[in-house]
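Computed from the coordinates by the stated procedures, all read-outs in this text should not be read as laboratory data. This is a predicted model, so every value here is computed, not measured. Reconstructed Cβ throughout: ideal geometry from the backbone, glycine too, with neighbour counts over all protein chains shown.
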Amino acid sequence: GAGVSQSPSNKVTEKGKDVELRCDPISGHTALYWYRQRLGQGLEFLIYFQGNSAPDKSGLPSDRFSAERTGESVSTLTIQRTQQEDSAVYLCASSLQSGDNEQFFGPGTRLTVL
Amino acid sequence: TQLLEQSPQFLSIQEGENLTVYCNSSSVFSSLQWYRQEPGEGPVLLVTVVTGGEVKKLKRLTFQFGDARKDSSLHITAAQPGDTGLYLCEAGGTSYGKLTFGQGTILTVHP
């Protein structure tokens, strides 16, 4: 595919369960970003990767959130012991390199915690 | 505290009206981007401005970067229902690898 893809597109889970969100960036893009977007709001930065390393984890809201990236490609965002306040759309974006102006976004994963 | 302040947060207008969205900061940026996001999709880049005082036009959309590179505006002429969406400004150059978004402006254009 030519663009950034994310899966699943929708995820409904029960409070306390763990969830794993996946992002496939554009091939060759070394930088990958995760954002959280609550309903009708802007983007909240979570974490970014340059290659497989994450120089900036400052946006992760708690230690229940973690992310990894392998092969300078796929990334997974894991939320453990989900809470209702975790409900949001989680967006992934990639760019050719970190600090690059243009980010290409995936369609997002809508997470609902009951 | 938002590094980038967007205003207004909500804008509801009739088709054919003009509007301006603002993106302001106390910091100087090397570049500023405007994105548009439709429901159920990710944001899509509209324009990048890099030079102080720069003006770029994209059909009915006019983007301006302030002389001091601290602020920007997006002006839409004769808005259409298809312009409805969330408009986000984003700035680069704040720190290596990290780009900052404003909180967004939700625009609704009624037919």
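Things worth noting here:
- Measuring r between the beta carbons of A:GLU14 and B:GLN80 and using R0 = 41 Å, the FRET efficiency lands at 0.45.
- Distance-filtered residues of segment B:10-42 - backbone nitrogen under 19 Å, label point 7 angstrom along B:HIS110 Cα→Cβ: B:10-20
- Calculation over all alpha carbon pairs of chain A in 10 angstrom steps from 0 returns a P(r) of 16, 51, 29, 5 percent.
- B:SER31 long-range amide H proximity, modeled H, under 5 Å: B:GLY92
- Partners for A:LYS17 among aspartates and glutamates (Cα-Cα distance below 13 Å; same-chain residues under 8 apart left out): A:ASP86
- For chain B, a simple Cβ point-charge model (Lys and Arg +1, Asp and Glu -1, everything else neutral) yields a dipole of about 280 debye relative to the Cα centre.
- DSSP-defined beta bridges in the protein assembly as shown - what % are antiparallel, rounded to 5: 90 percent
- On the basis of the beta-carbon distance and an R0 of 35 Å, A:SER53 and B:LEU58 show a calculated FRET efficiency of 0.45.
- The convex hull around the C-alpha trace of the protein assembly as shown, projected and averaged over every direction, spans 12.2 square nanometres.
- Karplus-based coupling profile of segment A:15-20, in residue order and whole Hz: 3, x, 7, 8, 10, 10, with θ = phi - 60° in 6.51 cos²θ - 1.76 cosθ + 1.60 and x standing for Gly or Pro.
- Interatomic Cα distance distribution for chain B, bins of 5 angstrom, percent: 2, 13, 24, 26, 19, 10, 4, 1, 0
- With neighbours defined as other Cβ atoms within 10 Å of a residue's Cβ, the residues B:LYS57, A:LYS11 order from fewest to most as B:LYS57, A:LYS11.
- The residues packed around B:LEU11, meaning those with a beta-carbon under 11 Å from its beta-carbon, carry a net charge of -2 if Lys and Arg are +1 and Asp and Glu are -1.
- Counting Lys and Arg as +1 and Asp and Glu as -1 over every other residue whose Cβ lies under 11 Å from the Cβ of A:GLN37, the net charge comes to +2.
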